[in-house]
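The structure under discussion appears below in the form of structure tokens.
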Amino acid sequence: MVFKKLLGSLGVGGPTVDTALQLGAAVPGGGLSGEIRLKGGNADFDVEHITLELVARVESEHEDGEAEGALVFERFTVAGGFTLAEGEERSVPFGVTLPWETPVTELYGQDLGIVLGVRTELSVAGARDKGDLDRLTVGPLPAQEAVLEALGQIGFGFRSADLELGHIRGSGQRLPFYQEIELSPAPRYADRINEIEVTFLAGPDGLEVVLEADKRGGLFSGGSDALSRFTVGHHEVQGRDWVTEVDGWIQALVEARAPHGGHGAYGHDGGHPGHHSGPGMGTAIAAGAAGVAVGVVGGMVAAEVIDEVGDFFEGDEEEEGGDEG
């Protein structure tokens, strides 16, 4: 996708910036490339720096309810220190590496409703201006895909996905937010749990899978939350029976007693969920099985997702415009 914007802070006659991202989905911890096309204005301008910002729509909980807003979670300075001559056209290629914890926005081409964007900031002659947001699409790592594929085959269905401000206690989380993927229960677990929430915390060597079950209450007891963690590697996906493996995780989670504090693994308070060491993961799952988990995201309405993206980007632009004055 491409965006173009006249640098409003420099007025009419300033340079324009036109940024194009690579085609296709990126992956967490992988490369993101593209080019920034500049066109000079009606005078020479000194370009101090060109910076790319990764922006996410993040939800936060507070005593009055929930709120959401734009959060910049990474910045890359990709060029600078040159003069853009009057009317000059210049292309600046770039290549950056995404953080390992970058959220996943799609699964098998189906949108999960997570909104990420790339914004270009141009600093010229002491003035800064930020371009419109360009949507960033991120697919799952092979290990993430294997876990979600197994959940889909077991019978879990997609409900929603969001980004929550906060830190998972006791984890190596680096970003100020984490992604939650909420799944409806498989039929054979429907009498015991209301939903499962899955969080992936990826790193160079592998990822931590945090599972939370909203367990149904009995006749004489209320419901509760149970939490478990499983560590997996990036290099041992092939040859594993992930359906059996992940189903074992779910069974252990369902049978586990809720830790003191319930949701305490998230945010800054509460207890530590149990930690289990699972098998390693790596490479990609078999293409023949890839279609099975499409049902996990079948409930997403594409038109609603597109509307939300547009509203988010427009709202962010208005906020930025108010800050620039």
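The values are calculated or read from the model by the stated rules, or taken from the named source; none is laboratory data. Everything quoted here is computed from the prediction, not taken from an experiment. FYI the Cβ positions are ideal-geometry reconstructions off the backbone, even for glycines, and counts take in every protein chain you see.
Remarks
- R128 being of a type in the set (K, R), under 22 Å from A25 (Cβ atoms) and either crowded, with 23+ Cβ neighbours inside 10 Å or at pLDDT below 95 (or both): no
- Condition met for G131 (without any contact (Cβ under 8 Å) to a residue 40 or more places away in the chain and over 30 Å from G65 (Cα atoms)): no
- Sole exception among (1) at pLDDT 90 or above; (2) out of contact with any helix residue (DSSP H, G or I) (no Cβ under 7 Å at 6 or more places or on another chain) for D111, by number: (2)
- Boolean, V104 is within 19 Å of the chain's Cα centre (by Cα) and outside any strand (DSSP E or B): yes
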